[in-house]
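First the structure, in the form of structure tokens, and then the observations on it.
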Amino acid sequence: MKFTKMHGCGNDYVYVNGFEETVQDPEKAAVFISDRHFGVGSDGLIIIRPSRTADCFMDMYNADGSRGKMCGNGIRCVAKYVYDHGMVQKERMTVETLSGVKTLDLHVKDGKVETVRVDMGSPVLEPEKIPVRPREADGCLISEKKPYGRVILDAPMNVNGQSWPVTCVSMGNPHCVTRVRDPYGLDLPAIGPHFEHHPIFPEGVNTEFIHVDDRENVRMRVWERGSGETWACGTGACAVGVACILNGWTDRKVLVHLRGGDLLVEWDEEKNTVFMTGPAVTVFEGEIRL
């Protein structure tokens, strides 16, 4: 199978041209390919397939073989792949995902895509739709915030015997954002799984541990369901931007600093749309026997 290794801010995936290649068992292939010792090494597998409703379809699988709905870093790399390979010659294109069709604006230099601005759609705040099912014993109480309605906003949540203030948002994937003193001082491999598999999240959850530096800058580490800690998460950065704005911690445009780089997140209040801008990078191409 021919593949291309790409990353957005260090969030790396193996990409396969599904217009030409057939992957018989993508779940099993994702586990094998993602292994950083015996495979290619990645946060997962993305197969670029034809779409009836958009320029292409992003079929995403996490490192554990589970299927993902949406990846903000991954979708930028999909746009770069299809443009750089001459499959879609548009500087504004659409990509179908399991979270709907996304519109992307490409910044092209010398015939290659450098950065991509993605229309990530509207944030979902209603707990049942994220989904979150709070239980009294776990905290995480629902409150009202005009004009957004029912939200989980900076609410204390019991995780493995400790209380964490959390804000819950879906950007196509469920996210739990918690503000901490020092994200880089946390033992994330020990803490992350307790959030990911917490019983109030029926589909699991991605967790962002953040520190707000000022009105325009936030530092973030992320534990992704199905992949563990990754160097970046696009939908997570968007969830962080929304959480910070809802809580009044930042302005409506915020630069999110991740381990692998920076993502600019904007929440257009009038359109209720989140935009994310960041890089897309090709690392290398190769072939692998499955």
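The values are calculated or read from the model by the stated rules, or taken from the named source; none is laboratory data. Just so it is clear, the structure is predicted and the values come from calculations on it, not from any experiment. With ideal geometry, Cβ positions are generated from the backbone for all residues, glycine too; neighbour counts draw on all protein chains shown. We work out accessible area using only protein heavy atoms, side chains counted, and drop any ligands, DNA or RNA first. Shrake-Rupley method; radii C 1.70, N 1.55, O 1.52, S 1.80 Å.
Things to note:
- Within the chain, percent of DSSP bridges classed antiparallel, to nearest 5: 85 percent
- Sparsely packed loop sites in the range 1-105 (the GluC sites (Glu not before Pro) outside DSSP H, G, I, E and B with at most 15 other Cβ atoms within 10 Å) comprise GLU20, GLU21, GLU91.
- Rounded FRET efficiency, nearest 0.05, which uses the C-beta distance separating ASP64 from ARG150 and R0 of 25 Å: 0.20
- Accessible area per residue for the chain, computed on protein heavy atoms with a 1.4 Å probe, is 43 Å².
- R0 of 25 Å, Cβ-Cβ distance GLU287-PHE19: FRET efficiency to nearest 0.05: 0.90
- The distance from the alpha carbon centre of the range 72-150 to that of the range 1-70 is 17 Å, rounded to a whole number.
- For the range 239-290 versus the range 196-220, the gap between their alpha-carbon centres in whole angstrom: 13 Å
- Taking each residue as 0.36 nm, the span from ARG49 to LYS271 lengthens on full extension beyond its C-alpha to C-alpha distance by 76.9 nm.
- Candidates ALA190, ALA29, ALA232: whichever shows maximal mean-square fluctuation once the chain is modelled as a Gaussian network with Cα springs under 10 Å: ALA190
- Range in the chain, longest, excluding exposed trypsin sites (Lys or Arg not before Pro) [loop by DSSP; at most 11 other beta-carbon atoms within 10 Å]: 182-270
- Under the combined filter of DSSP loop state and at most 16 neighbouring Cβ atoms within 10 Å, the range 201-288 retains these GluC sites (Glu not before Pro): GLU203, GLU216, GLU269, GLU270.
- Modelled label positions at SER163 and ALA137, each set 7 Å beyond Cα in the direction of Cβ, lie 1.9 nm from each other.
- Rounded to the nearest 20, the size of the Cβ-charge dipole of the chain about its Cα centre is 220 debye, with Lys and Arg at +1 and Asp and Glu at -1.
- Within the accessible area of the chain (1.4 Å probe), percent carbon and sulfur: 47 percent
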